[in-house]
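The values are calculated or read from the model by the stated rules, or taken from the named source; none is laboratory data. This is a predicted model, so every value here is computed, not measured. Cβ placement follows ideal geometry from the backbone for every residue including glycine, while neighbour counts extend to all protein chains displayed. Note: accessible area is taken over every heavy atom of the protein model, side chains too, but ligands, DNA and RNA are not part of it. Shrake-Rupley method; radii C 1.70, N 1.55, O 1.52, S 1.80 Å.
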Amino acid sequence: MSTNREIHLASRPQGWPTADNFRLVSTEVPTPGPGQLVVRNQFISVDPYMRGRMNDATSYVPPFALDAPLDGGAIGEVVAGEANGITVGDTVLHGLGWREYALLDARAARPVDPTVAPVSAYLGVLGMTGLTAYAGLLEVAAMKPGDTVFVSGAAGAVGSMVGQIAKLRGAGRVVGSAGSKAKVQRLAALGFDAAFDYHDGPVRDALKAAAPDGVDVYFDNVGGEHLEAAIAAMNLHGRAAICGMIAQYNADQPPAAPRNLALVIGKRLTLRGFLVGDHGNLRGQFVTEVAGWLREGKLSYDETVVDGIENAPAAFLGLMRGENLGKMLVRV
Ligand code: NAP
(Lines give C-alpha, C1' and ligand atoms only; values in the text may rest on other atoms or scores of the structure.)
Protein backbone atom coordinates (compact mmCIF):
# COMPACT_ATOMS: atom_id res chain seq x y z
CA MET A 1 0.00 0.00 0.00
CA SER A 2 1.47 3.33 -0.95
CA THR A 3 -1.56 5.58 -0.63
CA ASN A 4 -2.76 7.13 2.56
CA ARG A 5 -6.17 8.77 2.83
CA GLU A 6 -6.89 11.42 5.42
CA ILE A 7 -9.63 13.88 6.32
CA HIS A 8 -8.89 17.60 6.14
CA LEU A 9 -10.90 20.47 7.55
CA ALA A 10 -12.02 22.27 4.40
CA SER A 11 -13.90 25.11 6.11
CA ARG A 12 -14.96 26.12 9.59
CA PRO A 13 -18.57 25.20 10.43
CA GLN A 14 -21.00 27.93 11.35
CA GLY A 15 -23.47 26.33 13.74
CA TRP A 16 -24.08 22.69 12.83
CA PRO A 17 -21.22 21.17 10.79
CA THR A 18 -21.98 19.56 7.43
CA ALA A 19 -20.14 17.14 5.15
CA ASP A 20 -18.91 20.15 3.12
CA ASN A 21 -16.70 21.22 6.02
CA PHE A 22 -14.52 18.13 5.42
CA ARG A 23 -12.42 16.89 2.51
CA LEU A 24 -10.97 13.42 1.80
CA VAL A 25 -7.37 13.79 0.60
CA SER A 26 -4.95 11.14 -0.75
CA THR A 27 -1.25 11.36 0.03
CA GLU A 28 1.75 9.04 -0.01
CA VAL A 29 2.27 6.72 2.96
CA PRO A 30 5.07 8.47 4.88
CA THR A 31 8.53 7.00 5.49
CA PRO A 32 9.81 7.12 9.08
CA GLY A 33 12.97 9.06 9.97
CA PRO A 34 15.09 8.44 13.07
CA GLY A 35 12.93 8.18 16.21
CA GLN A 36 9.75 7.92 14.14
CA LEU A 37 7.13 5.25 13.53
CA VAL A 38 4.53 4.73 10.82
CA VAL A 39 1.28 3.37 12.24
CA ARG A 40 -1.52 1.84 10.20
CA ASN A 41 -4.55 3.07 12.11
CA GLN A 42 -7.16 0.43 12.92
CA PHE A 43 -9.65 2.60 14.81
CA ILE A 44 -9.97 6.33 15.16
CA SER A 45 -12.02 8.17 17.72
CA VAL A 46 -14.47 10.95 16.94
CA ASP A 47 -15.29 13.04 19.99
CA PRO A 48 -17.57 15.99 20.84
CA TYR A 49 -14.64 18.22 21.90
CA MET A 50 -13.47 18.18 18.27
CA ARG A 51 -16.38 20.47 17.40
CA GLY A 52 -14.79 23.27 19.45
CA ARG A 53 -11.48 22.75 17.67
CA MET A 54 -13.22 23.40 14.32
CA ASN A 55 -13.79 27.02 15.41
CA ASP A 56 -11.04 29.57 15.13
CA ALA A 57 -11.20 30.31 18.84
CA THR A 58 -8.83 30.21 21.78
CA SER A 59 -9.51 27.23 24.00
CA TYR A 60 -7.69 24.66 26.10
CA VAL A 61 -6.71 22.91 22.83
CA PRO A 62 -5.59 24.76 19.70
CA PRO A 63 -8.02 24.95 16.75
CA PHE A 64 -7.65 22.53 13.83
CA ALA A 65 -5.83 24.13 10.91
CA LEU A 66 -7.70 24.56 7.63
CA ASP A 67 -6.62 22.35 4.71
CA ALA A 68 -4.69 20.04 7.00
CA PRO A 69 -5.61 16.68 8.52
CA LEU A 70 -7.68 16.74 11.69
CA ASP A 71 -6.22 14.84 14.62
CA GLY A 72 -7.45 12.96 17.66
CA GLY A 73 -7.23 9.61 19.43
CA ALA A 74 -6.33 6.59 17.32
CA ILE A 75 -4.97 3.08 17.71
CA GLY A 76 -3.12 0.97 15.21
CA GLU A 77 -0.22 -1.26 14.33
CA VAL A 78 3.33 -0.09 13.72
CA VAL A 79 4.20 -0.95 10.11
CA ALA A 80 7.57 0.84 9.79
CA GLY A 81 10.21 2.32 12.08
CA GLU A 82 11.69 1.29 15.38
CA ALA A 83 12.39 3.53 18.39
CA ASN A 84 11.90 3.80 22.16
CA GLY A 85 11.51 0.03 22.43
CA ILE A 86 8.56 0.08 19.99
CA THR A 87 8.87 -1.97 16.82
CA VAL A 88 6.95 -3.22 13.77
CA GLY A 89 3.92 -5.27 14.79
CA ASP A 90 3.35 -3.44 18.08
CA THR A 91 -0.05 -1.89 18.80
CA VAL A 92 0.09 1.74 19.87
CA LEU A 93 -2.30 4.42 21.01
CA HIS A 94 -1.57 7.93 19.76
CA GLY A 95 -3.07 11.28 18.79
CA LEU A 96 -2.97 11.27 14.98
CA GLY A 97 -6.38 9.99 13.98
CA TRP A 98 -8.52 10.99 10.97
CA ARG A 99 -6.02 9.27 8.60
CA GLU A 100 -5.16 5.76 7.50
CA TYR A 101 -1.41 5.98 8.18
CA ALA A 102 0.18 8.17 10.86
CA LEU A 103 3.80 9.29 11.01
CA LEU A 104 4.63 9.66 14.69
CA ASP A 105 7.46 10.60 16.97
CA ALA A 106 7.85 7.33 18.93
CA ARG A 107 7.65 9.33 22.17
CA ALA A 108 4.06 10.22 21.28
CA ALA A 109 3.03 6.55 20.99
CA ARG A 110 1.80 4.50 23.95
CA PRO A 111 2.10 0.73 23.44
CA VAL A 112 -0.90 -1.31 24.56
CA ASP A 113 -1.41 -5.03 24.97
CA PRO A 114 -3.91 -6.13 22.27
CA THR A 115 -4.49 -9.43 24.08
CA VAL A 116 -6.04 -7.79 27.17
CA ALA A 117 -9.03 -6.30 25.34
CA PRO A 118 -10.14 -5.60 21.75
CA VAL A 119 -8.00 -2.71 20.52
CA SER A 120 -11.03 -0.44 20.12
CA ALA A 121 -11.57 -0.58 23.89
CA TYR A 122 -8.44 1.55 24.39
CA LEU A 123 -10.27 4.46 22.76
CA GLY A 124 -13.36 4.03 24.93
CA VAL A 125 -13.99 1.97 28.02
CA LEU A 126 -10.26 1.54 28.82
CA GLY A 127 -9.26 4.85 27.26
CA MET A 128 -10.00 8.56 27.34
CA THR A 129 -13.78 8.38 27.74
CA GLY A 130 -13.58 5.67 30.42
CA LEU A 131 -11.05 7.68 32.41
CA THR A 132 -13.21 10.78 32.04
CA ALA A 133 -16.13 8.94 33.65
CA TYR A 134 -13.97 7.42 36.38
CA ALA A 135 -12.12 10.62 37.32
CA GLY A 136 -15.16 12.87 37.02
CA LEU A 137 -17.37 10.71 39.17
CA LEU A 138 -14.92 9.55 41.81
CA GLU A 139 -12.38 12.36 42.07
CA VAL A 140 -14.12 15.51 40.81
CA ALA A 141 -17.61 14.84 42.21
CA ALA A 142 -16.26 12.63 45.03
CA MET A 143 -19.21 10.24 44.83
CA LYS A 144 -19.83 8.37 48.08
CA PRO A 145 -21.68 5.09 48.63
CA GLY A 146 -25.38 5.77 49.04
CA ASP A 147 -25.37 8.92 46.87
CA THR A 148 -28.07 9.49 44.28
CA VAL A 149 -26.29 10.13 40.99
CA PHE A 150 -27.75 11.75 37.89
CA VAL A 151 -25.87 11.62 34.59
CA SER A 152 -26.92 13.24 31.32
CA GLY A 153 -25.81 11.88 27.95
CA ALA A 154 -26.13 8.59 29.81
CA ALA A 155 -26.12 6.24 26.81
CA GLY A 156 -22.94 7.74 25.37
CA ALA A 157 -19.33 6.71 25.88
CA VAL A 158 -18.73 8.71 29.06
CA GLY A 159 -22.27 8.62 30.44
CA SER A 160 -22.75 4.85 30.19
CA MET A 161 -19.54 4.36 32.17
CA VAL A 162 -20.52 6.95 34.79
CA GLY A 163 -23.79 5.15 35.56
CA GLN A 164 -22.22 1.71 35.78
CA ILE A 165 -19.20 2.83 37.82
CA ALA A 166 -21.57 4.62 40.19
CA LYS A 167 -23.51 1.40 40.78
CA LEU A 168 -20.32 -0.66 41.16
CA ARG A 169 -18.98 1.84 43.70
CA GLY A 170 -22.13 1.72 45.80
CA ALA A 171 -24.35 4.60 44.65
CA GLY A 172 -27.78 4.41 46.22
CA ARG A 173 -29.67 5.36 43.07
CA VAL A 174 -28.48 6.08 39.53
CA VAL A 175 -30.59 8.07 37.07
CA GLY A 176 -29.74 8.72 33.43
CA SER A 177 -31.16 10.81 30.62
CA ALA A 178 -30.75 10.05 26.93
CA GLY A 179 -32.23 10.97 23.59
CA SER A 180 -34.37 8.00 22.54
CA LYS A 181 -36.59 5.21 23.81
CA ALA A 182 -34.07 2.59 22.68
CA LYS A 183 -31.31 4.32 24.64
CA VAL A 184 -33.51 4.50 27.74
CA GLN A 185 -34.14 0.76 27.44
CA ARG A 186 -30.41 0.15 27.15
CA LEU A 187 -29.80 2.11 30.35
CA ALA A 188 -32.20 -0.17 32.21
CA ALA A 189 -30.23 -3.17 30.93
CA LEU A 190 -27.00 -1.54 32.13
CA GLY A 191 -28.41 -1.36 35.67
CA PHE A 192 -29.57 2.25 35.91
CA ASP A 193 -32.36 2.53 38.49
CA ALA A 194 -34.28 5.04 36.38
CA ALA A 195 -33.88 6.67 32.99
CA PHE A 196 -35.85 9.03 30.79
CA ASP A 197 -35.85 10.42 27.26
CA TYR A 198 -35.29 14.15 27.57
CA HIS A 199 -37.48 14.75 24.49
CA ASP A 200 -40.54 13.55 26.39
CA GLY A 201 -41.07 16.75 28.42
CA PRO A 202 -39.29 19.20 30.72
CA VAL A 203 -36.09 17.63 32.12
CA ARG A 204 -36.91 19.16 35.50
CA ASP A 205 -40.18 17.16 35.77
CA ALA A 206 -38.66 13.91 34.56
CA LEU A 207 -35.76 14.23 36.98
CA LYS A 208 -38.03 14.98 39.90
CA ALA A 209 -40.02 11.82 39.17
CA ALA A 210 -36.88 9.72 38.72
CA ALA A 211 -35.08 11.03 41.81
CA PRO A 212 -37.84 11.97 44.29
CA ASP A 213 -35.34 12.30 47.16
CA GLY A 214 -33.08 14.65 45.21
CA VAL A 215 -29.66 14.31 43.59
CA ASP A 216 -26.33 14.27 45.45
CA VAL A 217 -24.04 14.02 42.42
CA TYR A 218 -24.71 15.36 38.93
CA PHE A 219 -22.38 14.36 36.09
CA ASP A 220 -23.03 16.92 33.36
CA ASN A 221 -22.38 16.00 29.74
CA VAL A 222 -25.03 18.28 28.27
CA GLY A 223 -25.40 21.67 30.03
CA GLY A 224 -28.38 23.99 29.38
CA GLU A 225 -31.76 22.69 30.48
CA HIS A 226 -30.17 19.56 31.98
CA LEU A 227 -27.89 21.61 34.22
CA GLU A 228 -30.78 23.81 35.31
CA ALA A 229 -32.87 20.76 36.18
CA ALA A 230 -29.98 19.19 38.09
CA ILE A 231 -29.38 22.37 40.11
CA ALA A 232 -33.08 22.40 40.97
CA ALA A 233 -32.97 18.76 42.06
CA MET A 234 -29.70 18.79 43.96
CA ASN A 235 -29.60 18.22 47.68
CA LEU A 236 -27.71 20.30 50.22
CA HIS A 237 -23.94 20.05 49.62
CA GLY A 238 -24.50 18.35 46.24
CA ARG A 239 -21.54 18.10 43.87
CA ALA A 240 -21.61 18.43 40.08
CA ALA A 241 -18.77 17.31 37.81
CA ILE A 242 -19.08 19.60 34.79
CA CYS A 243 -17.68 17.42 32.03
CA GLY A 244 -19.28 18.74 28.84
CA MET A 245 -22.08 20.88 27.47
CA ILE A 246 -22.87 19.26 24.14
CA ALA A 247 -26.29 20.97 23.93
CA GLN A 248 -24.49 24.20 23.07
CA TYR A 249 -21.53 23.06 20.93
CA ASN A 250 -23.34 23.89 17.68
CA ALA A 251 -25.36 26.82 19.00
CA ASP A 252 -24.82 30.31 17.64
CA GLN A 253 -26.45 31.94 20.69
CA PRO A 254 -25.51 31.45 24.36
CA PRO A 255 -27.91 29.06 26.12
CA ALA A 256 -30.83 30.49 28.10
CA ALA A 257 -30.42 27.95 30.91
CA PRO A 258 -29.35 27.54 33.67
CA ARG A 259 -31.43 30.38 35.06
CA ASN A 260 -31.31 29.17 38.66
CA LEU A 261 -27.59 29.44 39.47
CA ALA A 262 -28.38 31.37 42.64
CA LEU A 263 -29.57 28.10 44.20
CA VAL A 264 -25.91 27.12 44.38
CA ILE A 265 -25.55 29.46 47.35
CA GLY A 266 -28.33 28.31 49.62
CA LYS A 267 -27.77 24.65 48.80
CA ARG A 268 -23.96 25.05 49.19
CA LEU A 269 -23.46 23.23 45.88
CA THR A 270 -20.10 22.58 44.25
CA LEU A 271 -20.04 22.82 40.44
CA ARG A 272 -16.59 21.79 39.29
CA GLY A 273 -15.39 21.77 35.70
CA PHE A 274 -12.62 19.35 34.80
CA LEU A 275 -10.50 18.03 31.95
CA VAL A 276 -9.55 14.38 31.78
CA GLY A 277 -5.99 15.34 30.88
CA ASP A 278 -5.49 16.64 34.41
CA HIS A 279 -6.30 13.24 35.92
CA GLY A 280 -3.63 11.03 34.38
CA ASN A 281 -2.52 10.16 37.90
CA LEU A 282 -5.59 7.91 38.13
CA ARG A 283 -4.84 5.97 34.93
CA GLY A 284 -3.18 2.95 36.59
CA GLN A 285 -5.90 2.53 39.19
CA PHE A 286 -8.61 3.13 36.56
CA VAL A 287 -7.28 0.50 34.14
CA THR A 288 -6.83 -2.08 36.90
CA GLU A 289 -10.32 -1.57 38.33
CA VAL A 290 -12.21 -1.28 35.02
CA ALA A 291 -10.34 -4.19 33.39
CA GLY A 292 -11.23 -6.25 36.47
CA TRP A 293 -14.92 -5.38 36.17
CA LEU A 294 -14.83 -6.26 32.46
CA ARG A 295 -13.19 -9.63 33.17
CA GLU A 296 -15.76 -10.40 35.85
CA GLY A 297 -18.62 -9.45 33.53
CA LYS A 298 -19.74 -6.67 35.90
CA LEU A 299 -19.41 -3.87 33.35
CA SER A 300 -20.61 -3.68 29.74
CA TYR A 301 -19.75 -1.24 27.03
CA ASP A 302 -21.28 -0.35 23.70
CA GLU A 303 -19.54 0.79 20.55
CA THR A 304 -21.01 2.22 17.38
CA VAL A 305 -18.58 1.50 14.57
CA VAL A 306 -18.59 3.25 11.21
CA ASP A 307 -16.40 1.70 8.52
CA GLY A 308 -13.93 3.55 6.31
CA ILE A 309 -11.90 6.71 6.74
CA GLU A 310 -14.07 8.33 4.06
CA ASN A 311 -17.00 8.02 6.48
CA ALA A 312 -15.24 9.66 9.44
CA PRO A 313 -17.04 13.00 8.88
CA ALA A 314 -20.39 11.17 8.81
CA ALA A 315 -19.42 9.41 12.06
CA PHE A 316 -18.60 12.74 13.67
CA LEU A 317 -21.85 14.34 12.48
CA GLY A 318 -23.77 11.27 13.67
CA LEU A 319 -22.17 11.58 17.11
CA MET A 320 -23.34 15.18 17.41
CA ARG A 321 -26.87 14.08 16.38
CA GLY A 322 -26.97 11.20 18.88
CA GLU A 323 -26.73 8.33 16.40
CA ASN A 324 -24.27 6.49 18.65
CA LEU A 325 -24.84 4.05 21.49
CA GLY A 326 -21.69 4.07 23.59
CA LYS A 327 -18.40 5.05 21.96
CA MET A 328 -18.49 6.31 18.37
CA LEU A 329 -15.55 4.88 16.42
CA VAL A 330 -14.33 4.68 12.86
CA ARG A 331 -12.79 1.38 11.75
CA VAL A 332 -10.13 2.20 9.21
P1 NAP B 1 -21.22 10.63 23.64
O2 NAP B 1 -22.04 10.91 24.86
O3 NAP B 1 -20.84 9.24 23.34
O4 NAP B 1 -21.91 11.24 22.36
C5 NAP B 1 -22.50 12.48 22.38
C6 NAP B 1 -23.99 12.35 22.77
O7 NAP B 1 -24.48 13.61 23.15
C8 NAP B 1 -24.88 11.92 21.63
O9 NAP B 1 -24.90 10.53 21.48
C10 NAP B 1 -26.23 12.48 22.05
O11 NAP B 1 -26.97 11.48 22.71
C12 NAP B 1 -25.88 13.57 23.06
N13 NAP B 1 -26.40 14.88 22.66
C14 NAP B 1 -26.15 15.54 21.50
N15 NAP B 1 -26.82 16.72 21.48
C16 NAP B 1 -27.51 16.78 22.65
C17 NAP B 1 -28.41 17.72 23.24
N18 NAP B 1 -28.73 18.87 22.61
N19 NAP B 1 -28.94 17.44 24.44
C20 NAP B 1 -28.65 16.30 25.09
N21 NAP B 1 -27.81 15.35 24.59
C22 NAP B 1 -27.25 15.60 23.40
O23 NAP B 1 -19.91 11.52 23.73
P24 NAP B 1 -18.77 11.38 24.82
O25 NAP B 1 -17.48 11.28 24.13
O26 NAP B 1 -19.17 10.35 25.80
O27 NAP B 1 -18.82 12.82 25.51
C28 NAP B 1 -19.87 13.14 26.40
C29 NAP B 1 -19.64 14.55 26.95
O30 NAP B 1 -18.43 14.56 27.70
C31 NAP B 1 -19.48 15.62 25.89
O32 NAP B 1 -20.08 16.81 26.36
C33 NAP B 1 -17.98 15.81 25.80
O34 NAP B 1 -17.63 17.07 25.31
C35 NAP B 1 -17.58 15.58 27.23
N36 NAP B 1 -16.21 15.13 27.49
C37 NAP B 1 -15.46 15.88 28.33
C38 NAP B 1 -14.19 15.47 28.66
C39 NAP B 1 -13.40 16.29 29.66
O40 NAP B 1 -12.21 16.05 29.82
N41 NAP B 1 -14.03 17.23 30.33
C42 NAP B 1 -13.65 14.30 28.10
C43 NAP B 1 -14.46 13.54 27.23
C44 NAP B 1 -15.75 13.98 26.93
P45 NAP B 1 -28.57 11.55 22.89
O46 NAP B 1 -29.13 10.64 21.87
O47 NAP B 1 -28.77 11.08 24.28
O48 NAP B 1 -29.00 12.96 22.67
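Near A229, within a Cβ-to-Cβ distance under 12 Å, what is the net charge of the other residues, with Lys and Arg +1 and Asp and Glu -1? Result for the local shell: -1. Restricting the calculation to alpha carbons of segment 1-100 gives Rg and Dmax of 14.8, 45 angstrom. For the chain, the tally of Lys pairs with Cα-Cα distances below 26 Å comes to 18, considering only residues 8 or more apart or on different chains.
When nucleic acids and ligands are ignored and a 1.4 Å probe is applied, K267 ends up with an accessible area of around 40 Å².
Cβ-Cβ distance of V264 and S2, R₀ of 41 Å, FRET efficiency by 1/(1 + (r/R0)^6): the value works out to about 0.10. Working ranking of peptides 11-19, 122-130 by packing, defined as the average number of other Cβ atoms within 10 Å per residue, highest first, is 122-130, 11-19. Convex hull volume of the C-alpha atoms in the chain, normalised per residue: 129 Å³. Dividing the Cα radius of gyration of segment 128-277 by 2.2 N^0.38 Å, with N the residue count, gives 0.93.
When the Kirkwood radius is taken over all Cα pairs of segment 172-245, what Stokes-Einstein diffusion coefficient follows at 10 °C and 1.306 mPa s, in µm²/s? Taking Rh from Cα pairs, D becomes 129 µm²/s.
The label point for D200 and the one for D67, both projected 7 Å from the Cα toward the Cβ, are 5.1 nm apart. Peptides 167-179, 57-69 ranked from most to least packed, by the mean per-residue count of other Cβ atoms within 10 Å: 167-179, 57-69.
Modelled spin-label separation between S300 and V25, with each label point placed 7 Å from Cα along the Cα-to-Cβ direction: 4.2 nm. Sorting S300, S120, S2 by accessible area puts them as S2, S300, S120; the probe is 1.4 Å, largest comes first, and only protein heavy atoms count.
Under the convention that each Lys and Arg Cβ holds +1 and each Asp and Glu Cβ holds -1, the size of the dipole of the chain around its Cα centre is about 800 debye. Under 16 Å from a label point set 7 Å out along the Cα-to-Cβ vector of E82, the amide N atoms of segment 22-37 belong to 32-37. Taking all protein chains together and rolling a 1.4 Å probe, D105 ends up with roughly 60 Å² accessible.
Take each peptide in 96-103, 77-84, 258-265, count the other Cβ atoms within 10 Å of every residue, and average; sorted highest first, the result is 96-103, 77-84, 258-265. What's the angle, to the nearest 10 degrees (0 to 90), between helix 224-233's Cα axis and the longest principal axis of the chain? It is inclined by approximately 40 degrees. Principal-axis analysis of the Cα atoms of the chain puts helix 312-321 at an angle of about 0° to the longest axis. Compute the angle between helix 157-168 and the longest alpha-carbon principal axis of the chain, please, reported from 0 to 90 degrees and rounded to the nearest 10. The helix 157-168 is inclined about 50 degrees to the chain. If both residues of a DSSP beta bridge must be in the chain, then about 55% of such bridges are antiparallel. Dividing the helix sum by the residues of the chain, where each DSSP H run of 4 or more adds -39500 (n - 2.57), gives a mean residue ellipticity at 222 nm of -6500 deg cm²/dmol.
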